[in-house]
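Since the structure comes first, as structure tokens, the remarks are kept for the end.
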Amino acid sequence: MARKDLLELASLTREEIDRILEQAVPFKELFTRSVKKVPALKGKSVLMLFYEPSTRTHSSFEVAAKRLSADVTNFDVPHSSVVKGESVRETVETLQAMRTDYIVVRHGRSGLPGMIARQTKASVVNAGDGAHAHPTQGLLDAFTVKEVFPEMSGKRVLIVGDILHSRVARSTSSVLRRLGVEVAYLGPGSLVPKCCPEGVRRFTDYREAMAWGPDVVYLLRVQMERQDVQYFPSLREYHRVYGVTRDRLDELEDKGIWLMHPGPVNRGVELCDEAMDYQRSLINRQVENGIAVRMSVLYSLKPGASGDEEAEGEAEASLE
Ligand code: CP
């Protein structure tokens, strides 16, 4: 059965994940053509509803929707009636009246895209909600790892940094594990949950983690905006203990290890300047792949009725 929304990855079947990733391949091939558009969503409308800042996800979804020939409207939160106190429910009701087909939403509150999804017939795509999920980031990361290692099973990805506050760590590790990739977390004890998901290794020491033998080191952005208390002594200390320093970059190069980061990079914190030019960096490829994967996601979803009136009522109440 066709899926209406994409809110997180846990509810996707393996077949759905495989289909989204496979479908993204021809969409990516489109980028090399002089005409980079297909008419797949001609006549459909996509609304971008971003309550939090974004560079990559926002522009990537916008380009993806336009390459599918959809009409795109950007809901400009800072210049909307949200600043006059309009609730999310009122906003969504207003937008629903415009009969949009897809809503791409980013919000600081975990679970809010799901509430919107139950209130509207439009397909809702979660573009990142609080520390909960960032499903298209997980899918584009999986697509990128698969390009480098077509046989992903048994490959090792070390995710480094602020695991506790990271929706990227949650979504990316979830989809990689579903695809047979071994995942480990590394970071300060204060930022790596004691109870990692089953099968995920936990490290707090960089050398021990590197001895585990990762094929990919995936640095997370240090999210100062989500830390209500100080979790490590200083950014300089964080870089020294967990960042890819010049010396560690040499180690990655010697061992042929690939480097990933979801962006935006805090230079001098997660990565030294030289890491931006590292030949096995996949950071720019993640951005390019994000468009193809988001095209595939939009193409896969089917806007329509949710049919769950009770859930719609609960959702409306919680959006007040
Ligand atoms: N990776 C990511 O979500 O980046 P943005 O915050 O720029 O969208």
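Every number in this text was worked out from the coordinates using simple rules, so none of it is lab data. On a predicted model such as this, the values are computed, not experimentally measured, just so you know. We place every Cβ from the backbone using ideal geometry, glycine too, and count neighbours over all the protein chains shown.
Here are a few things to note about the model shown:
- Helix 88-97 axis, angle to the chain major axis (alpha carbon atoms, nearest 10°): 50 degrees
- Average Cα contact separation per residue, the chain, under 8 Å, 6 or more apart, as relative contact order %: 23 percent
- Scattering curve values for segment 135-282, log₁₀ I(q)/I(0), Debye with Cα scatterers, q = 0.13, 0.14, 0.17, 0.20 Å⁻¹: -0.51, -0.60, -0.92, -1.34
- In order along segment 139-152, the phi-based Karplus estimate (6.51 cos²θ - 1.76 cosθ + 1.60, θ = phi - 60°) of 3J(HN,Hα) comes to 5, 5, 5, 4, 4, 5, 5, 5, 5, 7, 10, x, 8, 6 Hz; Gly and Pro are listed as x.
- Working note: Cα gyration tensor of the chain, eigenvalues times five, square-rooted, sorted largest first, giving semi-axes of 33, 23, 18 Å.
- Top positive-direction residue, dipole computed over segment 135-282 with Cβ charges, set VAL181, CYS195, GLY154: CYS195
- Percent breakdown of C-alpha pair distances by 5 Å bin, ordered from the shortest bin, for segment 154-219: 4, 20, 35, 27, 13, 1
- Size of electric dipole in the chain: Cβ of Lys, Arg +1 and of Asp, Glu -1, about Cα centre, debye, nearest 20: 660 debye
- Summing +1 for each Lys or Arg and -1 for each Asp or Glu among the other residues whose beta-carbon sits under 15 angstrom from that of LEU249 gives -3.
- Most positive-pole-ward Cα, GLY256, LEU282, GLN223, against dipole of segment 135-282 from beta carbon charges: GLN223
- Take the convex hull of the alpha carbons in segment 87-153; its mean projected area over all directions comes to 5.6 nm².
- Rounded to the nearest Hz, the phi-derived 3J(HN,Hα) couplings of segment 166-181 under the Karplus curve 6.51 cos²θ - 1.76 cosθ + 1.60 (θ = phi - 60°) are 9, 5, 5, 4, 4, 6, 5, 5, 4, 6, 4, 5, 4, 9, x, 7, where x marks glycine and proline.
- Checking the cross-link pairs LYS4/LYS84; LYS37/LYS146; LYS42/LYS121; LYS194/LYS255; LYS44/LYS84 against a 27 Å limit on the alpha carbon distance flags LYS4/LYS84; LYS194/LYS255; LYS44/LYS84 as lying beyond it.
- Kirkwood hydrodynamic radius (C-alpha pairs) into Stokes-Einstein, segment 145-189, 10 °C and 1.306 mPa s, D in µm²/s: 145 µm²/s
- Between the Cα long axis of helix 56-67 and the first principal axis of the chain there is an angle of about 50°, rounded to the nearest 10.
- In segment 76-187, the ratio of gyration radius to Kirkwood radius, Rg to Rh, stands at 1.09 when only Cα atoms are counted.
- Computed over neighbours whose Cβ is under 13 Å from that of ARG14, the net charge equals -1, Lys and Arg +1, Asp and Glu -1.
- Using the rule -39500 (n - 2.57) for each DSSP H run of four or more residues, divided by the residues of the chain, the 222 nm mean residue ellipticity is -12000 deg cm²/dmol.
- Overall form of segment 1-88 per C-alpha gyration tensor (a/c, 1.5; a/b vs b/c): oblate
- Between segment 74-111 and segment 4-29, the Cα center-to-center distance that results, in Å: 26 Å
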